[in-house]
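Beneath this line is the structure, given in structure tokens, with notes to follow.
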Amino acid sequence: MQPIIRVDNLGKRYAIGRREHSLTMREMIVNAFTAPLRRMRSFGRGGRAANANGADHFWALQDLSFEVAPGEVLGVIGRNGAGKSTLLKILSRITEPTAGRVEMHGRVGSLLEVGTGFHSELTGRENIFLSGAIMGMRRAEIVRKFDQIVAFAEIDDFIDTPVKRYSSGMYVRLAFAVAAHLEPEILLVDEVLAVGDISFQKKCLGKIGEVARGGRTVLFVSHNMAAIEALCTRCLMLSGGRLAAVGEPLAVMSRYVAEGSATGDGAVALQTHPGRRPGDTPTMTRVELRDGSGAQSGAVRMGEPMEIRVAYRAERPVRPVLGSVIKTSYGAAVFCVSDRFCGRLAECAPRAEATVACRVERLMLIPGSYSIDLWLGDAGDDFDVIFDAISFEVLPADLTGTGRLPPPKYGVVFCEAEWSIHDA
Amino acid sequence: MNSARLEKVEEQLTAPESVSTREGVSHGAPARTADAIAARLPPLIIESGKRRLGFGLGDLWAHRDLLYFLVWRDVKVRYKQTVLGVAWAILQPLLTMVVFTVIFGRLAKVPSDGEPYPIFVFAGLLPWTFFNQSVTTASNSLVGNAALITKVYFPRMVIPAAAVCAGLVDFAISAVILFLMALHYGIRFDAGLLLIPPLMALTALVALGAGMWMSALNVKYRDVRYALPFMLQIGMYVTPIIYPLTFIPERWRWLLALNPLSGIIQAFRAAVFGRPVDWSGLAIACATTVVLVMLAGWSFRRMERQFADIV
């Protein structure tokens, strides 16, 4: 059968080093004058110009080719910065590729965010029409589906209330309800389902499954492996902007998990880390993990201290604020340690270059592999964000005194508890 | 550990199934088979630097429902958040009229083609205020709707176009004042009034041209925000609003004719005061408007592909 989506050598390049902000006219004029000079100077040094192939560009997506058959539900997985969102943005025509070609047959609907086009001053009813029109529905189509949408969102009594008075749950339900009633032949879904309460999440997944069974083609980006497994007929894994694997969901997912748990020696150089948020200035230079004995290590015993040490080099002296999110190998956040909330280093002398250390006193995690997102900034701003900067293994320890530990399926945090019994 | 993970997966695997059957929301007719789709629709091709033909007015028409809702949103939200609400649409040209009447009419004694100066200047200010407001809001519209631009695709031209159309509502409201003033000054209406709607449509086109051009430039160069009020101010003085066209020496009038608003405002006044319309001036205005809209549409479409990346 003819594929409904065909992607050929797709690539997207972004400029880095400066944030993706708009230039002012002055910068343009300055650039126009200095660019030839800079080029000449670098030519003199042997032509090591920072040109299109050089350091000031970054390929968010490169040489990506795949096909999707009609009716297929393709899951797209990959770590943060792997290029998933860029892919969806290209397919939904929000941004243009730098290279390559995409061919799609049929109407394309995209759901990259819940509540696109909602205006807080308008009522639920008004927002249904507005958001529906923005997502590409005709007015007649919205009128026809209006009752279904309201029923799905379960907000009948509040339909004429401005959405700024909605609870966040109601808001999300309404927003998803509108999106769920789009009827394109190709539906692109980003991780919008990680919102709302559990029962509503299930309902959303159910709706997507229903769309898929209706013969439509769905591209589904998620970190939620369970959802991918439940919905997708095939799965595609991206890594560093390139195609890493494609095939049976279970096979691709196990590879994804395996790659995440490849434990290193507890230190990673960060200058050119693939997980860096596009556009960030590389400020963090190295991360190192230390175990209870103070030695650098990629494996820490549960219940013992762990230290995260991040070296940075900034353009000017700063009071560094470090944040880390510890996540499971499936990408679910477990806990966060951030000086933004503690302010312990708020009084330190500003330094242009230093190492920030954060010591977790007792690491109460169930054995398994985990990964760390890092943020570095100052009191006001994040300079540098790296997703999945480093991964580590938690080793078992006999904290219960019985040699037994609860399995990870009951949660990855271990808590100590006191037990007693009281006569009736 | 892995087996435990799989169990978790299986638990959730069954959940959506049961939910959707319980829910029983039907999705209408099942999608047509893909082969039928492929045969029916031309494929959508996405390529780097793909040329888009035309000036985008066809896109606007295809997305008229979206245009309608965006206009409606802008109007509704604008009046919801202000204390005086609709009164602003009236107060702004009215107060400007009073100031101009005192300064230019009384003090500087600018001629007004024999009409009372207040209504003379108000008839000129009305289309100008609409143009001024529309271009100003349109120029910020893309930046202001950045959240939309980066999350969903639709022809970007709809956004500045909606800003311009929303301005028409204010115009309609303040036109009532012009009507009352005309009654007050005992001006008799004739068939010339029929010319007002097409003239406003023409003004809207000029505003669309200037507005979308400025909005696109504003995405890339935020200087527009500072330069535009200044340019508009100059624009007001090179348009016969506070003075009649006859005020300008004959040999310089051709320069003014290049400004489409000049011809439009002349015709607008002629329509209001029941005087003969300068059709050749209006024809030039139409021609310059078409050129402006085409140029603006062409350059907008060239810049629009970068919007999501740089806004």
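Readers should treat all values here as calculations from the given coordinates under stated rules, not as data from a laboratory. Computed from a predicted model, the values in this text were never measured in an experiment. Glycine also receives a Cβ, built like all others from the backbone with ideal geometry; neighbour counts cover every protein chain displayed.
With both labels modelled 7 Å from their Cα along Cα-to-Cβ, the B:L183 to A:H422 distance reads 8.2 nm. Just checking the listed ones, A:D265, A:D382, A:D147: in the Gaussian network model of chain A with Cα springs under 10 Å, the one fluctuating most is A:D147. For B:K80, the aspartates and glutamates whose Cα comes closer than 12 Å to its Cα, not counting residues fewer than 8 places off in the same chain, are A:E121.
In chain A, taking the dipole from charged Cβ atoms about the Cα centre, the farthest positive-side position among A:I5, A:H57, A:Y312 is held by A:H57.
In debye, nearest 20: dipole of the protein assembly as shown around its Cα centre with unit charges on the Cβ of K, R (+) and D, E (-)?
Magnitude of the dipole: close to 2400 debye.
Inverting the pair-averaged 1/r between distinct Cα atoms of the protein assembly as shown gives 29.8 Å as its Kirkwood hydrodynamic radius.
If R0 equals 41 Å, the separation of the Cβ atoms of A:A311 and B:A147 corresponds to a calculated FRET efficiency of about 0.70. In the range A:59-259, taking the dipole from charged Cβ atoms about the Cα centre, the farthest positive-side position among A:V218, A:V73, A:G100 is held by A:G100. Subtracting the Cα-Cα distance of A:A397 and A:L250 from 0.36 nm times their residue separation leaves 49.9 nm of extension gain.
For chain A, the normalised intensity computed at q = 0.07, 0.09 Å⁻¹ comes to -0.44, -0.72 (log10 of I(q)/I(0), Debye sum over alpha carbons, equal scatterers, no solvent). I need the calculated FRET efficiency for the pair B:F230 and B:A191, taking r as the beta carbon distance and R₀ as 30 Å, to the nearest 0.05. Plugging the Cβ-Cβ distance into 1/(1 + (r/R0)^6) gives 0.15.
Amide H to amide H, with H built 1.01 Å from N, A:V334 comes under 5 Å of A:I326, A:K327, A:T328, counting only residues 5 or more places away or on other chains.
For the range B:91-101, backbone phi angles converted through the Karplus equation (6.51, -1.76, 1.60; θ = phi - 60°) give residue-by-residue couplings of 4, 4, x, 5, 5, 4, 4, 4, 4, 5, 4 Hz, Gly and Pro being listed as x. Note on A:82-93: average number of Cβ atoms from other chains within 10 Å of each residue's Cβ is 2. For the range A:200-205, 3J(HN,Hα) computed residue by residue from phi via the Karplus equation (6.51, -1.76, 1.60; θ = phi - 60°) reads 6, 4, 4, 5, 5, 4 Hz, glycine and proline entered as x. Per-residue Cβ neighbour counts within 10 Å put B:D59, B:D190, B:D170 in the sequence B:D190, B:D59, B:D170, beginning with the fewest.
In percent, rounded to a whole number, the relative contact order of chain A is 15, using alpha-carbon pairs under 8 Å and six or more apart. Amide hydrogen proximity for A:L238: with H placed 1.01 Å from N in the peptide plane, the residues at 5 or more positions away or on another chain lying under 5 Å are A:I77, A:G78, A:A244. A simple spin-label model places pseudo-atoms 7 Å from Cα toward Cβ; at A:S65 and A:R242 they are separated by 1.4 nm. Beyond a 21 Å Cα-Cα separation, which of these cross-linked pairs lie in this structure: A:K84/A:K202; A:K145/B:K76; A:K327/A:K409; A:K164/B:K76; A:K327/B:K151? Result: A:K84/A:K202; A:K145/B:K76; A:K327/B:K151 exceed 21 Å. For the range B:272-282, backbone phi angles converted through the Karplus equation (6.51, -1.76, 1.60; θ = phi - 60°) give residue-by-residue couplings of 5, 8, x, 9, x, 7, 7, 5, 5, x, 5 Hz, Gly and Pro being listed as x.
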